[in-house]
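Have a look at the structure below before the remarks.
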Amino acid sequence: MKILAFAATSNTKSINKKLAIYTANLLENAEVEVLDINDFELPLYSEDKQAEIGKPQLARDFLDKIGGCDAIVVSYAEHNGSYTAAFKNLFDWCSLFGKEVYQGKKMVLLSTSTGPSGAASVLAQAVNSSPFFAGDIKGSVSVPSFNENFDSATGKITNPDIKAQLVEAMENLL
């Protein structure tokens, strides 16, 4: 099984990227490809910009990555209770190619933050909206207080209850 893992943020030191990578690698014998959405940076979407540049190749390239995998693990950073501008912008450009951005792929949706909410608001938005864009959600987990539940030295979740939730979500992909 080929899993595409990424954080829905442009933060190069993202805890959400750490969570996505850790979680994607919980499934044994899976091939994990990690994406950085900074590699797909596009101008701020507007109808005027679309009229000027059309459908950008970087958006097509991102969609091709989704098309080439069996499953997606994405971890959402939360900015003011919603998606990051970087992810929302990339998503908007990708949707120009068609509404089925996630292409029927099985998905595990995650979120985390350093606070006790674990970015649960943005995760709820993603869980509610992804099916409209052809995402087949097999699990979702919000990880609160990331620095208290993740050991950066080992790259592993230390809280056994959270680890069990992540393992169950990944097993649902099979």
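The values are calculated or read from the model by the stated rules, or taken from the named source; none is laboratory data. Everything numeric in this text was worked out from a predicted model, so none of it was measured. Please note: Cβ atoms are built from the backbone with ideal geometry, for glycine as well, and neighbour counts cover all protein chains shown. Surface accessibility is based on the protein's heavy atoms, side chains included, excluding ligands, DNA and RNA. Shrake-Rupley method; radii C 1.70, N 1.55, O 1.52, S 1.80 Å.
Identify the single condition in (1) open to solvent by 50 Å² or more (accessible area, probe 1.4 Å); (2) closer than 24 Å to SER10 by Cβ that ASN172 does not satisfy, given that it satisfies every other one.
Condition (2) is where ASN172 drops out.
Among the numbered criteria (1) closer than 19 Å to ASN16 by Cα; (2) assigned to a loop (DSSP other than H, G, I, E, B), which single criterion is violated by PHE87?
Every listed condition holds for PHE87 apart from (2).
Give LEU58, LEU27, LEU63 a once-over and let me know the one that is within 30 Å of ALA153 (Cβ to Cβ), among the hydrophobic types (A, V, I, L, M, F, W, C) and in contact with a helix residue (DSSP H, G or I) (Cβ under 6 Å, 6 or more places away or on another chain).
None of the other options fit; the residue is LEU27.
Quick test for you: out of VAL127, VAL108, pick the one residue that is closer than 17 Å to ASP70 by Cα and either open to solvent by less than 70 Å² (accessible area, probe 1.4 Å) or of a type in the set (Ser, Thr, Tyr) (or both).
Within the list VAL127, VAL108, the selection yields VAL108.
Considering each of GLU148, GLU52, GLU78 in turn, give the residue that is at pLDDT 95 or above, surrounded by 15 or more Cβ atoms within 10 Å (Cβ to Cβ), farther than 22 Å from LEU27 by Cα and of a type outside the set (Val, Ile, Thr).
Going through GLU148, GLU52, GLU78 in turn, the sole match is GLU78.
From the list LEU58, LEU44, pick out the single residue that is among the aliphatic types (A, V, I, L, M), surrounded by fewer than 20 Cβ atoms within 10 Å (Cβ to Cβ) and under 20 Å from GLY98 (Cβ atoms).
Criteria check complete, one pass: LEU58.
I'm checking my understanding of the structure. Among residues of segment 16-33 that are under 12 Å from the mean Cα position of the chain (by Cα) and not hydroxyl-bearing (Ser, Thr, Tyr), which one is surrounded by the fewest Cβ atoms within 10 Å (Cβ to Cβ)?
Checked segment 16-33; the qualifying residue surrounded by the fewest Cβ atoms within 10 Å (Cβ to Cβ) is ILE21.
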